[in-house]
Amino acid sequence: MAGKDDTLSTYRNKRDTKKSGEPSGGRRKKDRPLFVVQRHDASSLHFDFRLQVGDVLASWAVPKGPSLDPREKRLATRTEDHPLGYADFEGSIPKDEYGGGTVIVWDTGDFENLTERDGEPVPIEKALDAGHAKFELHGEKLAGAFALTHTKMGGDEKNWMLVKVNDDQADRRRNPASTQNESVLSGRTNEEIAEGQG
Ligand code: MN
């Protein structure tokens with residue numbers, strides 16, 4: 001873990017990223033795809049969960065946000081792929097625009113695809129096409145393995161389910177989606193952005 005992150009130590013020592021608003025770099029590594037969870041305070045509050053698949057971000061809207069409790073099954077509604085550059089977007093979308101409201105980067109980092117079939121690794125793109133993917137997140141708030149499953153609940157093709165896999169990162173007490181509202185990039189909350197402090 002330490003080796004590659006150390007290349008950012010100079011960057012970090014030169015600035016307080018919570019004050020400057022610049023990316024902290026987090027645990028993102030170039031040799032691994034990234035994930036991002038954006039807290040989007042739009043007409044209804046939700047968390048946009050995105051996984052890098054090639055050069056786009058496959059995306060789901062999770063109304064309650066991800067949970068670290070394996071007993072919690074979180075509805076995840078598939079939405080349109082977003083460009084990679086969206087991964088560090090924070091700001092205010094005008095009220096009369098699509099998705100009008102504020103966006104912060106609630107968590108981000110890299111992820112490792114763990115999906116297997118008959119003991120063989122399945123690329124993330126194929127896993128999602130087949131309706132089931134398992135992956136390990138390396139974020140600040142979210143860590144450990146999660147699974148996304150295409151449930152089509154209620155007959156709706158857009159419906160998936162996001163669940164924490166029961167591993168040693170599972171935590172039934174911590175509930176970051178309700179207790180840690182700030183951006184991991186800038187420290188700002190949606191409310192601060194709405195008030196123009198961003
Ligand atoms: Mn959204």
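By per-residue mean of other Cβ atoms within 10 Å, what is the highest-first order of 73-80, 60-67? Walk me through the intermediate numbers first.
Working: 73-80: 17.5, 60-67: 20.1.
Highest mean packing first, the order is 60-67, 73-80.
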Accessible area of the range 42-116 belonging to carbon and sulfur atoms, whole % at 1.4 Å probe: 51
Reach of K64 by Cα under 17 Å, taken over aspartates and glutamates that are not fewer than 8 positions away in the same chain: D41, D48, E72, D107, D171, E182
Convex hull (Cα only) mean projected area of the range 96-198, reported in nm² to one decimal: 9.2
Average Cα contact separation per residue, the range 67-138, under 8 Å, 6 or more apart, as relative contact order %: 21
Under Karplus coefficients 6.51, -1.76 and 1.60, residue-wise ³J(HN,Hα) of the range 98-105 in Hz, glycine/proline x: 4, x, x, x, 9, 10, 10, 7
Cβ charges +1 (Lys, Arg) and -1 (Asp, Glu), total dipole of the range 77-138, debye: 200
Heavy atoms of R172 accessible to a 1.4 Å probe, total area in Å² rounded to 10: 120
Radius of gyration and Dmax over the Cα atoms of the range 33-175, both given in Å: 14.6, 49
Listed pairs K126/K152; K73/K141; K95/K134; K126/K158 exceeding 26 Å between Cα atoms: K95/K134
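The values are calculated or read from the model by the stated rules, or taken from the named source; none is laboratory data. Computed from a predicted structure; not experimentally measured. Neighbour counts run over all protein chains shown; Cβ positions are idealised from the backbone, glycine included. These accessible areas exclude ligands, DNA and RNA; they are computed on the full protein's heavy atoms, side chains included. Shrake-Rupley method; radii C 1.70, N 1.55, O 1.52, S 1.80 Å.
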